[in-house]
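Beneath this line is the structure, given in structure tokens, with notes to follow.
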Amino acid sequence: MTTMVDVARRAGVSVATVSHVLNETRPVRPDTRAAVLGAIEELGYTHNTLARSLVTSRTRSIGLAVSAISNPYFTEILQGVEAGALEAGYSLLIADPHDDPHHERKVVQLLHERRVDGMIVAPSAEPAEMVDYLARREVPTVFLDRLVGDAYDQVCAENTGPVRQLVEHLADLGHTRIGLVAGLPGLSTTTERVQGYRDGLRARGLPFAPELLAGGNSEAEGAQDATRHLLAAPEPPTALITANNAMTIGALRALGALGLQVPRDIALACFDDFSWADLFTPRLTAIAQPSKDIGAAAVRLLLERLQEPDRPPRTVRLPCAFVHRTSCGCAEPAPAAPPAAQERNRTP
């Protein structure tokens, strides 16, 4: 079995230098570092991370607690976290809190007991118990997607402005009765998206009608019920906004069961784009979140916190993109003319 002594001999350096390269405990000249890494590769040396953790009190691991990992949005966040962690030389321990406050607290404790260096958490609607556990133990933590207060490092997408943009777009198409299927109460994303909905109505001079706002609890089944409720109103909406991708699926199921076609009978726009939104008929007009970038930004924030434990907390908000398709009632954009045709049509 190859040892650090073997690596040191092959690289022509001391064992201490090999240790500094592996543990990043002291700066090493680039050429010396390259020689050590070359010797490690040549000899097939595997570093004992457990032994290193006993010396450095660091495991170079990150705990990730995210609910609904099967949801495409959180799957992409996971990809961003994993890529960022791997690039920085960290492993990832993953757990699903199931958006349950009590289970969330247990999951965070289990990750902490695995001696992770820090955590990235998408909090539930009632995160107080979990946040208190982390704060009391001073666990370096970044909250993502849902915010818990300015006292913590956090990263999320913009929510208010993009939903306002959807409302304004539908209003500009002539809709005055615009419904919203909102998310789970207590989540910052729900609060901000509802605010964006109200801002959009106000910007277009439309009154806020409480009967046009229904809670879908951030899930498909809840959105199905909420959509049925909205459409049973004496004056049902002529356009509908869904506040996440799971609720878009629920709304589409409800509309289908009621025999309504999008956008012929009702216009639809959604918050959260996903890879197959372009395959629906009609294609879904949506707000696309920078999911992978959110995950990568969370890792960067956590690494900064590990390097500078006393720095002020930061909240990072990333911009979203408006993806204009046809479910809102707009015509399919004409395909761009090929270059040769453009040349022929150019005015001399």
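Projecting label points 7 angstrom from Cα along Cα→Cβ for residue 109 and residue 31 puts them 5.6 nm apart. DSSP bridge analysis restricted to the chain gives an antiparallel fraction near 10%, rounded to the nearest 5.
Global dimensions of the stretch 115-178 from alpha-carbon coordinates: Rg and Dmax equal 17.6, 57 Å. Global dimensions of the stretch 4-47 from alpha-carbon coordinates: Rg and Dmax equal 8.9, 24 Å. Each of 320, 203, 124 was scored by the projection of its Cα onto the charge dipole of the chain, and the greatest displacement toward the positive side belongs to 320; charges sit on the C-beta of Lys, Arg, Asp and Glu. Amide H contacts under 5 Å for residue 271: 242, 243, 244, 287, restricted to partners 5 or more places along the chain or on a different chain, H placed in the peptide plane at 1.01 Å from N.
With all protein chains present and a 1.4 Å probe, how do 172, 145 order by accessible area, largest first? If you can, show how the numbers build up before the last one.
On the way: 172 105, 145 10 Å².
I get 172, 145, largest accessible area first.
Just how large is the dipole of the chain about the Cα centre, in debye to the nearest 20, putting +1 at every Lys and Arg Cβ and -1 at every Asp and Glu Cβ?
Details: 34 positive and 41 negative charges, 130 e Å.
That gives a dipole near 620 debye.
Values of log10 I(q)/I(0) for the chain across q = 0.15 Å⁻¹ run -1.16, by the Debye formula with one identical scatterer at each alpha carbon and no solvent. For residue 93, the residues 5 or more places off, or on other chains, whose built amide H falls under 5 Å of its own are 62, 63, 64.
For the chain, what does -39500 (n - 2.57) per DSSP helix run (n ≥ 4), summed and divided by total residues, give at 222 nm, in deg cm²/dmol to the nearest 500? One gets -14000 deg cm²/dmol as the mean residue ellipticity at 222 nm.
If you line up the long axis of helix 72-87 against the longest principal axis of the chain, both from Cα atoms, how many degrees apart are they, to the nearest 10? Once rounded, the angle reads 20 degrees.
Each Lys or Arg adds one and each Asp or Glu subtracts one; over the other residues with Cβ under 15 Å from the Cβ of residue 76, this totals -4. Of the solvent-accessible surface of the chain, computed with a 1.4 Å probe over protein heavy atoms with every protein chain present, carbon and sulfur atoms account for 52 percent. Using the Karplus relation 6.51 cos²θ - 1.76 cosθ + 1.60 with θ = phi - 60°, the per-residue 3J(HN,Hα) values for the stretch 275-282 come to 4, 9, 4, 6, 9, 5, 10, x Hz, with x marking Gly and Pro.
Take the chain with all the other protein chains still there, run a 1.4 Å probe, and you get 50 Å² of accessible area per residue. On a 0 to 90° scale, report how tilted helix 245-257 is relative to the longest principal axis of the chain, with both axes built from alpha carbons and the result rounded to the nearest 10. Compared with the principal axis, the helix lies near 30 degrees. The distance from the alpha carbon centre of the stretch 68-142 to that of the stretch 238-280 is 31 Å, rounded to a whole number.
Calculate, in nm to one decimal, what residue 310 and residue 93 gain on full extension: separation in residues at 0.36 nm each, minus their alpha carbon distance.
On the way: separation 217, 0.36 × 217 = 78.12 nm, distance 2.51 nm.
Using 0.36 nm per residue and subtracting the Cα-Cα distance, I get 75.6 nm.
Say we join alpha carbon atoms closer than 10 Å with springs in a Gaussian network model of the chain; which of 147, 206, 284 then has the biggest fluctuation? Among 147, 206, 284, the largest GNM mean-square fluctuation belongs to 206. Rounded, prolate or oblate: which fits the stretch 159-289 when a ≥ b ≥ c are the square roots of the eigenvalues of the alpha-carbon gyration tensor, with rounded for a/c under 1.5 and prolate only if a/b beats b/c? Cα axes put the stretch 159-289 in the rounded bin. Against the main long axis of the alpha-carbon atoms of the chain, helix 101-113 sits at an angle near 20°.
The values are calculated or read from the model by the stated rules, or taken from the named source; none is laboratory data. Being a predicted model, the structure only gives us computed values, none of them experimental. Positions of Cβ are backbone-derived with ideal geometry, glycine not excepted, and every protein chain shown enters the neighbour counts. Only protein heavy atoms, including side chains, enter the accessible area calculation; ligands, DNA and RNA are left aside. Shrake-Rupley method; radii C 1.70, N 1.55, O 1.52, S 1.80 Å.
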